[in-house]
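The values are calculated or read from the model by the stated rules, or taken from the named source; none is laboratory data. Given the structure is predicted, the values throughout are model-derived calculations rather than measurements. Positions of Cβ are backbone-derived with ideal geometry, glycine not excepted, and every protein chain shown enters the neighbour counts. In case anyone asks, the SASA skips ligands and DNA or RNA and just uses the protein heavy atoms, side chains included. Shrake-Rupley method; radii C 1.70, N 1.55, O 1.52, S 1.80 Å.
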Amino acid sequence: VPRFLSKAVPTPLEPCTLQTFPPPMDIRGLRRLPLPAHVRRDPTRAWRWRNLLVSFVHSVVTGLWAVLCVWQVPEMLRDIENTSSASGYLLLCFSAGYFIHDTLDIIVSHQSRASWEYLVHHAMAISAFFSGIFLGRFVAAGMLSLFVEVSNIFLTIRMLLKLSNMPAPALYSINKYVNLVMYFLFRLVPQTYLTWYFVCYVEVRGQGAFLIVNLFLLDAMILTYFSRLLRSDFFPDSCRRRAGKDAGGEKFLVD
């Protein structure tokens, strides 16, 4: 356990990763919310809707929390390896708990084949966050990587609108431009800075080497998702020619 938490948190795994994410009763409360008619008729769409609602709550809480952590301790931007805070440490625990929960939800709901990209991402995130939780290093890197959750707020809204098939073209149009800006500011920019910092300043061995590999894989995933987003929202003719599946099909990370 990091020295600054050694008295307050005797064992990080149990109180943080398993207890800081909302308990099952709270999550079931989200699932009691009414479903759009287009979603309610299909069990797979209904599961995806509820899964996205949980993801939306996680993005709002985690994205704002990560920005606040860095704002409170700006040294995190200069020393990604050694700078930390109690709040940032607990945020890693919270997010690791969410990714464990979402992984189990996907597997138990028999959505592994359609959502395999999510499972790969979650495995990378959980392993990277656990390395920070147990070794107490690169907590600041975790904070910067969680800036992506601010972008995910608008990305999830986009996916909910597509999934619900709601006749709200004005709302979708506004959100797609906001989503593009947020994707650049809170996903591409922090990821580029993290990649530059690790390449220039982090020793490629042990935890540093493990995180660099994770980072490069995440870079490839982020650029792939960005390409999909541009094709789907700004070049739809190209997307149709690829004959990809829609939000109601088997593909979870829809174009």
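Where residues in the range 65-76 are surrounded by 15 or more Cβ atoms within 10 Å (Cβ to Cβ) and out of contact with any Phe, Trp or Tyr (no Cβ under 6 Å at 6 or more places or on another chain), which of them is farthest from Ala128 (Cα to Cα)?
Val73
Name every residue in the range 136-150 that is buried (at least 24 other Cβ atoms within 10 Å of the Cβ) and over 24 Å from Val202 (Cα atoms), in order of residue number.
Glu149, the sole residue that qualifies.
Which of (1) buried (at least 20 other Cβ atoms within 10 Å of the Cβ); (2) touching a Lys or Arg at 6+ places or on another chain (Cβ under 9 Å) is the odd one out, the single condition Ala128 does not satisfy?
(2)
Let's see how each residue does on (1) among the basic types (Lys, Arg); (2) surrounded by fewer than 17 Cβ atoms within 10 Å (Cβ to Cβ); (3) at pLDDT below 95; (4) under 22 Å from the mean Cα position of the chain (by Cα):
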{"site": "Arg3", "(1), (2), (3), (4)": "yes, yes, yes, no"}
{"site": "Leu18", "(1), (2), (3), (4)": "no, yes, yes, yes"}
{"site": "Pro24", "(1), (2), (3), (4)": "no, yes, yes, yes"}
{"site": "Val39", "(1), (2), (3), (4)": "no, no, yes, no"}
{"site": "Arg50", "(1), (2), (3), (4)": "yes, no, yes, yes"}
{"site": "Gly63", "(1), (2), (3), (4)": "no, no, no, yes"}
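Among the numbered conditions (1) of a type outside the set (Phe, Trp, Tyr); (2) over 22 Å from Asp219 (Cα atoms); (3) surrounded by fewer than 20 Cβ atoms within 10 Å (Cβ to Cβ), tell me where Ile133 comes up short.
Unmet for Ile133, out of (1) of a type outside the set (Phe, Trp, Tyr); (2) over 22 Å from Asp219 (Cα atoms); (3) surrounded by fewer than 20 Cβ atoms within 10 Å (Cβ to Cβ): (3).
Give all pairs with beta carbons closer than 9 Å in which a residue from the range 90-117 that is without any contact (Cβ under 8 Å) to a residue 12 or more places away in the chain and within 16 Å of Pro43 (Cα to Cα) meets a residue that is part of a helix (DSSP H, G or I) and open to solvent by less than 10 Å² (accessible area, probe 1.4 Å); count only pairs at least 6 apart in sequence or on separate chains.
Matching pairs, first to second residue: Ser112/Ile106.
Determine, yes or no, whether Ser95 is closer than 23 Å to Met221 by Cα, in contact with a Leu (Cβ under 8 Å, 6 or more places away or on another chain) and outside any helix (DSSP H, G or I).
So Ser95 fails the test.
Count, please, the residues in the range 77-89 that happen to be in contact (Cβ under 8 Å) with a residue 40 or more places away in the chain and either open to solvent by 40 Å² or more (accessible area, probe 1.4 Å) or assigned to a helix (DSSP H, G or I) (or both). Can you show your working first?
In the first step, residues of the range 77-89 are kept if they are in contact (Cβ under 8 Å) with a residue 40 or more places away in the chain; the result is 77, 79-86, 88-89.
Those left that are additionally either open to solvent by 40 Å² or more (accessible area, probe 1.4 Å) or assigned to a helix (DSSP H, G or I) (or both): 77, 79, 81-82, 86, 88-89.
Result for the range 77-89: 7.
Out of Phe216, Phe186, Phe252, report the one residue that is within 25 Å of Leu119 (Cβ to Cβ), at pLDDT 90 or above and surrounded by 15 or more Cβ atoms within 10 Å (Cβ to Cβ).
Going through Phe216, Phe186, Phe252 in turn, the sole match is Phe186.
Right, Lys245: open to solvent by 80 Å² or more (accessible area, probe 1.4 Å) and either at pLDDT below 65 or part of a loop (DSSP other than H, G, I, E, B) (or both) or not?
yes
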